[in-house]
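A short reminder: the numbers here are calculations on the coordinates, not readings from a lab. Source: prediction; values computed, not measured. Backbone-built Cβ (ideal geometry, glycine too); neighbour counts: all protein chains shown.
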Amino acid sequence: MAKTAPNLCFSPLNLNQNRRESLFLSKNGCFIHKPSSKTTLLSPIFSSCTPIGISASPTRSIDYQLTDYNAKILRFCELGNLHNAMELLCMSKKSELEPRTYSSVLQLCAGLKSLTDGKKVHSIVNSSNVVLDELLGSKLVSFYATCGDLKEARRVFDSIEKKNVYLWNFMASEYAKIGDFKESIRLFKMMVEKGIEVNSYTFSCVLKCLAALGGLKEGECVHGYLLKLGFGCCNSVVNSLVAFYFKGRRPESACELFDKLSDRDVISWNSMISGYVSNGLAQRGLEIFKEMLHLGVEVDSATIVSVLVCCANLGTLSLGKAVHAFAIKSCFERRINFSNTLLDMYSKCGDLDGALWVFEKMGERNVVSWTSMVAGYTRDGQSDGAIRLLQEMEKEGVKLDVVAITSILHACARSGSLNNGRDVHDYIKANNMDSNLFVCNALMDMYAKCGSMEDANSVFSSMVAKDIISWNTMIGGYSKNCFPNEALKMFAAMLEELKPDSRTMACILPACASLSALERGKEIHGHILRNGYSSDRHVANALVDLYVKCGVLGLAQLLFDMISSKDLVSWTVMIAGYGMHGFGNEAITTFNEMRDEGIEPDEVSFISILYACSHSGLLEEGWRFFYIMKNDFNIEPKLEHYACMVDLLSRTGNLSKAYEFIETMPIAPDATIWGSLLCGCRIYHDVELAEKVAEHVFELEPENTGYYVLLANIYAEAEKWEEVKRMRERIGRKGLRKNPGCSWIEIKGKVNLFVSGNNSHPQSKKIESLLKKLRRKMKEDGYFPKTKYALINADEMQKEMALCGHSEKLAMAFGLLTLPSRKTIRVTKNLRVCGDCHEMAKFMSKETGREIVLRDSNRFHHFKDGYCSCRGFW
């Protein structure tokens, strides 16, 4: 029988097998099914396939009972009857079967994804010693690849001696589809080595693979090679090059290629728009779109989608609406990809109603549609809305993916909705998603931001696999939720598992700062320097904050000056640092420098500068900044700003003005604001106003022991012992307990804790002896104990003994006994330092010639030569 053209491809048809069909015989002797109106001829898999010409008229009729096995098998393949085709293939004499017959059966196996039957055909081919020519080899490779057995496809591919460029391209493309870009590139190199004549598709494929791997240098070499072969003007190749350079963060190279391209198609323009968007240059993407419209280039749905992404990134809602209208006129809005992008645009531009309108109008929704709406509610801080969507999705039978779940958890985290977050956690467990790493990390982040570190730790402990984000989330969560010791323990455990990164450093440094753990902080600083993390601005800011809160203001200033590109956080940390240390004028200078640098202050910046003015008694400057904030920056004062102003007025003795200020506030004052005035009453011994203010505080926070103790202190200083007794009875009736005063000092990396009245420390006798010795010298020099701070109705000796047991005195004495003579003594206390301890610290610094830095709950006190940096404002 005469050989036919090598690549005849049939379309499987679901036809009744008993139905007789007319057959025609072509000039080359091949039986061809007569095409009906329902027949669809499929294109060949490889472009080298050449369709067989069909004769316009039949030369002879053929009876259904054919004796030619090739023709019968071809007919079954044409009808899509794989079972009969395989049965006949196995029955026939293998010597009579032609390669094209095997090819047709293999193509049908591929179409029906029947790996078992295809392997049987391959086995017959091998046992019959049929030579794998280009056609049959290609069909085998295609069959295995289509059925998902790329390993066997490659084995067949390697066994074919003569392979054309289309087969090479096919294999390279299949490897790219499964993400094995390296193997795809290796095939390209083999093609070049073997002298295979590559085509435009070859270059498009290899450039996509190199872009995915970030192989910029290799891509430049390919660019040079394709120019050498004359593909520099090929539209599809240049489009691939444009996409490659955008992927490699080289928009200028992509733009240069685009400008030189004379025959631009819509893909060229779309590549430019989407490329600019992906490189954070959405504005330039819009300019390309405008040029495209100006030149009359016909846009497609991909163009519109890219432009909508530009609008979303830039927040240009008006333009986004205009593009929406254009899309409606062009009938693009019916496509789900467009609708999802449109929904996302409205959401990111802050028009949640517009997004909801698009969402409700969508005829078809997928999980991306739902996720975009969830993300919209998340950005708007509406966790309740996100939860409602979750419930609707369950009703609709839409299963949430990882992106949707993490978006909802993020919404709960932003709004602090712990209960909603727990509901989402229940959904995660019910749908067996609690083993997913991304979901677990998002869960921990939600619990940490909602203040439930116990739940966060429960998730962390149950995780089989943890990555660096898992550890950082826990460390950062403990730091932000005031569990610094737990953060340090977690950091130590992490060091045994994996190497920390710059984010870890930014998370653990606040824990060291919270504890004033200077030595531990210095160790971490050394690790940062050794690993080159100091260039990370988050780390640099955290380092400045560490040294500020550890009392080493000079080093904090030095590190601050070394930050090459300071952001608002950098400046705010330094301003707050000066405020904590009582350097109000320096804080003001820094604030002004920040404004000179063109950085506008925010709410937090103004809290820091007002706080600095308050702790330095800068009344006029404080008022000036308060008015600047309201009038120049249109920032509406919040409770924190009002609290700073009340504190400033109270510290400077303007108690009546502070009371009037509170009464005229446009928002209801909280206990902190009334508490600031109560502290002022203590400083200036205004018992009458203190009683009036205290009732406001007790009403707002009836369980806060500190305010009861503060009023008791005021009574004790005024020696109103009956009132002190009455306050103590009131505290007892409510079952309240005073937070014990405790102080700590770090020596050689170890934190030594002291509690007021506790003599369990190993060196307690030496400490007590030193304090008695210093007390005697104080009396000799004319200093007398301020026994009014003892808060007990007893004789002077008993009061003095009570004062000697205050925790900050114990810690300072231990520092004098233990640290080298030139070493600064750094003590931290959980409560406000009392007046007697303040006087004792001043005397210690003068008598011993030692510098003492005491950080209490309000601020820093630098004692040197008998003076304190606070100048009485604390």
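Between residue 326 and residue 467, the modelled labels are 3.7 nm apart [label points 7 Å from Cα along Cα→Cβ]. Across the stretch 164-262, the relative contact order, built from alpha-carbon pairs under 8 Å that are at least six residues apart, equals 23 percent. Spherically averaged projected area of the convex hull of Cα atoms, the chain: 50.1 nm². Taking label points 7 Å from Cα along the Cα-to-Cβ direction, residue 249 and residue 458 give a separation of 4.2 nm. Across the stretch 667-681, the residues whose backbone nitrogen lies under 18 Å from the label position 7 Å along the beta-carbon direction of residue 703 are 671-672. Residue separation of residue 664 and residue 178 scaled by 0.36 nm, minus their Cα-Cα distance, works out to 168.1 nm of gained length.
Rounded to the nearest 0.05, the FRET efficiency derived from the C-beta distance between residue 297 and residue 216 at R0 = 41 Å is 0.90. Neighbours of residue 221, meaning other residues whose beta-carbon lies under 12 angstrom from its beta-carbon, give a summed charge of +1 when Lys and Arg score +1 and Asp and Glu score -1. The stretch between residue 113 and residue 260, if pulled fully straight at 0.36 nm per residue, gains 48.4 nm over its current Cα-Cα span. Each other residue within a Cβ distance under 11 Å of residue 448 adds +1 if Lys or Arg and -1 if Asp or Glu, for a net charge of -1.
For the modelled label position 7 Å from the Cα of residue 766 along Cα-to-Cβ, which residues of the stretch 817-860 have backbone nitrogen atoms closer than 14 Å? Within reach of a label on residue 766: 817-821. Each Lys or Arg adds one and each Asp or Glu subtracts one; over the other residues with Cβ under 13 Å from the Cβ of residue 86, this totals +1. A cut-off of 5 Å between modelled amide H atoms, ignoring neighbours fewer than 5 places along the same chain, links residue 861 with 854, 855, 856.
The ranking of 865, 344, 670 from fewest to most other beta carbons within 10 Å of each one's beta carbon is 865, 670, 344. With q set to 0.13, 0.23, 0.30 Å⁻¹, the log10 of I(q)/I(0) for the stretch 193-243, from the Debye formula over equal scatterers at the Cα positions, is -0.26, -0.82, -1.30. In terms of surrounding Cβ atoms within a 10 Å radius of their Cβ, 679, 209 rank from fewest to most as 679, 209. If R0 equals 35 Å, the separation of the Cβ atoms of residue 419 and residue 731 corresponds to a calculated FRET efficiency of about 0.60. If you take all C-alpha pairs in the stretch 645-738, what percent of them are over 18 Å apart? Everything past 18 Å amounts to 42 percent. Cβ-Cβ distance of residue 437 and residue 495, R₀ of 22 Å, FRET efficiency by 1/(1 + (r/R0)^6): the value works out to about 0.60. Can you tell me the relative contact order of the chain? Whole percent, Cα pairs under 8 Å, sequence separation 6 or more. Relative contact order here is 4 percent. Equivalent ellipsoid of the stretch 70-160: semi-axes from √(5λ) of the C-alpha gyration tensor, largest first, are 19, 15, 10 Å.
A simple spin-label model places pseudo-atoms 7 Å from Cα toward Cβ; at residue 364 and residue 527 they are separated by 5.2 nm.
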